[in-house]
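The structure appears below as structure tokens.
Read-outs throughout are calculated quantities, based only on the coordinates presented, and are distinct from any laboratory measurement. Here the structure is a predicted model, which is why all the values come from computation and not from measurement. Ideal geometry is used to build each Cβ from the backbone, glycine not excepted, and the neighbour counts take in all protein chains shown.
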Amino acid sequence: RGDVRAAILTLLTERPMHGYEMTQEISARSNGLWKPSPGSVYPTLQLLVDEGLITPVESEGSKKTFGLTDEGRDAAGKIETPPWEEIAGDADPNAVNLRAALGQLFGAVGQSTHAATSDQQRRILDIINTARRDIYQILGEE
């Protein structure tokens, strides 16, 4: 897990953002290895507002955009390394690629639940079950 507070302050040095946008940016910058939950982002945003480090600057419908105050800019300037760099820097490139491929597979399977015929869904299920067995076979190799 990363430091949500440091991530938010670092992101806001670039431009004002809303909470969902921050979550997406953190995920992208950590190569998908860290995606903070709304349950950690939104309370941290409120805490940073209470501390006077960030302030709401505008609203897009129900989305509140935040920017840094002068005190927030000072606090962000003390962060030496963005938290996502620490996370992504330690990552094995193969693990990153596996996670990305899995995400793409989930997307395709999710789409198939709405767009595929019964026969196509059965064939997709067979492919997934075969892949699972093959993966366990690989893991069992010495």
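Structure notes:
- When the test is whether a residue is surrounded by 10 or more Cβ atoms within 10 Å (Cβ to Cβ) and touching a residue at least 60 places away in the same chain (Cβ under 8 Å), residue 73 passes it.
- First in the stretch 2-23 and of a type in the set (D, E, K, R), second anywhere and crowded, with 17+ Cβ neighbours inside 10 Å, Cβ under 6 Å, 6 or more apart: 3/83; 5/44
- Qualifying position, being under 30 Å from residue 123 (Cβ atoms) and within 15 Å of the chain's Cα centre (by Cα), among 95, 28, 100: 100
- Hits in the stretch 24-39 (condition: surrounded by 15 or more Cβ atoms within 10 Å (Cβ to Cβ), out of contact with any Ser or Thr (no Cβ under 8 Å at 6 or more places or on another chain) and of a type outside the set (A, V, I, L, M, F, W, C)): 25, 27, 29, 30, 31, 32
- Number of the exception - residue 23 against (1) within 17 Å of residue 86 (Cα to Cα); (2) in contact with a strand residue (DSSP E or B) (Cβ under 6 Å, 6 or more places away or on another chain): (2)
- Only a single item in (1) within 29 Å of residue 16 (Cα to Cα); (2) surrounded by 13 or more Cβ atoms within 10 Å (Cβ to Cβ); (3) not acidic (Asp, Glu) is not met by residue 62, and it is number (2).
- Test: residue in the stretch 99-121 that is surrounded by 13 or more Cβ atoms within 10 Å (Cβ to Cβ) and closer than 25 Å to residue 19 by Cβ: yes
- Criterion: in contact (Cβ under 8 Å) with a residue 60 or more places away in the chain and within 17 Å of residue 21 (Cβ to Cβ) - qualifying residue of 38, 82, 56: 82
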